[in-house]
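Novice: Dropping the structure in here first, questions after.
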Amino acid sequence: IISALAAGALATALALSACGGSSSSNGDVIAGISYIDGTGLHQMNEDIVNTGKIPADAHTVAVRLETVTLLTEWPDELDSQAKTLAALFGEMAKTLDSDNPDVKKVEEATTKAHDGWHDFSHDVWAYLAKEAKVTGADDSHGYE
């Protein structure tokens, strides 16, 4: 379900980005962060930490997260942070790229990626709210 919602969000945001004008770069940003936010990384990290069990699709999710993070055209002020996050997703994917991954290493890498994602998502949505001139936006990113 989460994958379907993420794919829908990505398709919608890509359609919005095709409208042209200055909103096209914001549409790309919305598409990228909506996909990243919708992959279930939070729950995956919780499951690995709490049960020690690695979801069967964890490697695929990590590779896709890295790919989307690298291919999205982030604004200049978010680009460095995006590259750092992509590296964390890459490290997560590397720890999962095995028939028998080391659960402790996976837990560490997933937690780092998860923490980096929280910070990045907050910063991206704050950027978008500022771009949209939204008033009354709070500092919460909804995952406390």
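Laboratory data are not the source of any read-out in this text; all were calculated from the coordinates shown. From a predicted model like this one, the values you see are computed outputs, not experimental measurements. Because the Cβ atoms are built from the backbone with ideal geometry, glycine has one as well, and the counts that use them run over all protein chains shown.
Novice: Just tell me which lysines come within less than 26 Å, Cα to Cα, of K112; anything on the same chain fewer than 8 places away is out.
Specialist: K53, K83, K94, K104
Novice: For every other residue with a beta carbon closer than 11 angstrom to the beta carbon of E73, add +1 if it is Lys or Arg and -1 if Asp or Glu, then tell me the sum.
Specialist: -3
Novice: How large is ³J(HN,Hα), in whole Hz, for each residue of segment 118-123 in order, when computed from phi with the Karplus curve 6.51 cos²θ - 1.76 cosθ + 1.60 and θ = phi - 60°, using x for Gly and Pro?
Specialist: 3, 4, 5, 4, 4, 5
Novice: What are the ³J(HN,Hα) values, in whole Hz, obtained from phi via the Karplus relation 6.51 cos²θ - 1.76 cosθ + 1.60 with θ = phi - 60°, for each residue of segment 101-109 in sequence order, with x given for Gly and Pro?
Specialist: Result, ordered by residue: x, 6, 4, 5, 5, 4, 4, 4, 5 Hz.
Novice: I would also like to ask the following. Can you give me the C-alpha center-to-center distance between segment 61-107 and segment 109-128, rounded to a whole angstrom?
Specialist: Cα centres, segment 61-107 to segment 109-128: 12 Å.
Novice: How much length is gained on full extension from D76 to T135, taking 0.36 nm per residue of separation minus their Cα-Cα distance?
Specialist: Once the chain is fully extended between D76 and T135, it gains 18.9 nm.
Novice: Could you work out how far apart the two model spin labels at A56 and S25 are, taking each label as a point 7 Å from the Cα in the direction of the beta carbon, and quote it in nm?
Specialist: 4.3 nm
Novice: Starting from the Cα of D99, step 7 Å along the direction of its Cβ; do the same at T111; then give the gap between the two resulting points in nm.
Specialist: 2.9 nm
Novice: Residue by residue through segment 69-85, which ³J(HN,Hα) values in whole Hz follow from phi under the Karplus form 6.51 cos²θ - 1.76 cosθ + 1.60 (θ = phi - 60°), with glycine and proline marked x?
Specialist: So the J values, rounded to whole Hz, are 5, 6, 8, 6, 7, 7, x, 3, 5, 10, 4, 5, 5, 5, 5, 5, 5.
Novice: What translational D, rounded to a whole number of µm²/s, comes out for segment 45-136 from Stokes-Einstein when the hydrodynamic radius is the Kirkwood one over Cα pairs, at 20 °C and 1.002 mPa s?
Specialist: On the way: Rh = 14.0 Å.
In µm²/s, the coefficient is 153.
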